[in-house]
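Dumping the structure here so I can ask a few things about it.
The values are calculated or read from the model by the stated rules, or taken from the named source; none is laboratory data. The shown structure was predicted, so the numbers you read here are calculated from the model rather than taken from an experiment. Here the Cβ positions follow ideal geometry from the backbone for every residue, glycine too, while neighbour counts run over all protein chains shown. Side chains are part of the model used for accessible areas, which takes the heavy atoms of the whole protein and leaves out ligands, DNA and RNA. Shrake-Rupley method; radii C 1.70, N 1.55, O 1.52, S 1.80 Å.
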Amino acid sequence: GAVVSQHPSWVICKSGTSVKIECRSLDFQATTMFWYRQFPKQSLMLMATSNEGSKATYEQGVEKDKFLINHASLTLSTLTVTSAHPEDSSFYICSARDFPNPRTQYFGPGTRLTVL
Amino acid sequence: GQQLNQSPQSMFIQEGEDVSMNCTSSSIFNTWLWYKQDPGEGPVLLIALYKAGELTSNGRLTAQFGITRKDSFLNISASIPSDVGIYFCAGRSNSGNTPLVFGKGTRLSVIA
């Protein structure tokens, strides 16, 4: 199947700092990428849909000024958590749809964010 | 947001047993996907289903797209310890940029 990578795999930061997470589709073009958040023992919660070359669409309750998404190319989307606070600590997972077969969706390995 | 009804929530089985889990939705879907997630990892796609009635296998795994288009099941035959993990169903109601809707997951434990 298609491969999606994320970087970093884990990050620890101080409260008030900003953290950028990268998501790359390695062997396919992804016109649409998705960012999810997952709390322990819970399902995935969609944060936003990222479309290449246009603004991201955020789910209700997700602050777009706090979670900045940039999808500058067909293989890269970034999520920046601005002014992070301890409650932002979570597992963030990106996902991308394979261009030739957009109904199939692949996930990255996730990024564990811990805000002190 | 909308969620699928996935059951069971958790299962404890003996190694070698078969496993079945399912998802139901109140609305019609045109895509069903089954994922497995290991601790600290992202979900890995197991099986993708695109047509009502479709039955697809991937090794010891078999999944079916219900003919009503409102349900899907995943079977695992002859379970082994590495089958341990959380299994998620996910569905989509159209082929555009509509996000996937996820079930809450089935936590599978295999006792050797």
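In the set B:V110, B:V101, which member is more than 12 Å from chain A (Cβ to nearest Cβ) and either more than 22 Å from A:L44 (Cβ to Cβ) or touching a residue at least 40 places away in the same chain (Cβ under 8 Å) (or both)?
So the residue among B:V110, B:V101 that is more than 12 Å from chain A (Cβ to nearest Cβ) and either more than 22 Å from A:L44 (Cβ to Cβ) or touching a residue at least 40 places away in the same chain (Cβ under 8 Å) (or both) is B:V110.
Separate question: Looking at this structure, is B:V19 surrounded by 20 or more Cβ atoms within 10 Å (Cβ to Cβ) and in contact with a helix residue (DSSP H, G or I) (Cβ under 6 Å, 6 or more places away or on another chain)?
No: the conditions fail for B:V19.
Then there's this: Going by the conditions given, is A:T17 open to solvent by 30 Å² or more (accessible area, probe 1.4 Å) and either within 13 Å of another protein chain (Cβ to nearest Cβ) or farther than 23 Å from B:F88 by Cα (or both)?
Yes.
I would also like to ask the following. Out of (1) under 26 Å from A:Q42 (Cβ atoms); (2) surrounded by fewer than 22 Cβ atoms within 10 Å (Cβ to Cβ), the odd one out for B:R69 is which?
That leaves (1) as the condition not met.
Any idea which of A:S83, A:S73, A:S77 is more than 10 Å from chain B (Cβ to nearest Cβ), of a type outside the set (F, W, Y) and in contact (Cβ under 8 Å) with a residue 60 or more places away in the chain?
Only one candidate passes the filter, namely A:S83.
Here's a follow-up. Identify the residue in the stretch B:37-63 that is more than 19 Å from A:R97 (Cβ to Cβ) and within 11 Å of chain A (Cβ to nearest Cβ) and, among all such residues, is surrounded by the most Cβ atoms within 10 Å (Cβ to Cβ).
B:E41
Considering only the stretch A:86-108, state which residues are over 11 Å from the mean Cα position of the chain (by Cα), within 13 Å of chain B (Cβ to nearest Cβ) and at pLDDT 95 or above.
A:S90
Next question, about the same structure. Would you mind telling me which numbered condition in (1) out of contact with any Gly (no Cβ under 9 Å at 6 or more places or on another chain); (2) within 13 Å of chain B (Cβ to nearest Cβ); (3) among the polar types (S, T, N, Q) A:Q42 fails?
Looking at each condition in turn, A:Q42 falls short on (1).
State yes or no: is A:V3 under 25 Å from B:I86 (Cβ atoms), of a type in the set (V, I, T) and surrounded by fewer than 16 Cβ atoms within 10 Å (Cβ to Cβ)?
Against the criterion (under 25 Å from B:I86 (Cβ atoms), of a type in the set (V, I, T) and surrounded by fewer than 16 Cβ atoms within 10 Å (Cβ to Cβ)), A:V3 qualifies.
Moving on. Can you name the residue in the stretch A:49-69 that is touching a residue at least 12 places away in the same chain (Cβ under 8 Å) and in contact with a Ser or Thr (Cβ under 6 Å, 6 or more places away or on another chain) and is also surrounded by the fewest Cβ atoms within 10 Å (Cβ to Cβ) among such residues?
It comes out as A:K66.
Mind checking which pairs have a first residue in the stretch B:27-45 that is without any contact (Cβ under 8 Å) to a residue 60 or more places away in the chain and a second that is polar (S, T, N, Q) and open to solvent by 40 Å² or more (accessible area, probe 1.4 Å), Cβ under 7 Å, 6 or more apart or different chains?
Taking only residues 6 or more apart or on different chains, not a single pair turns up.
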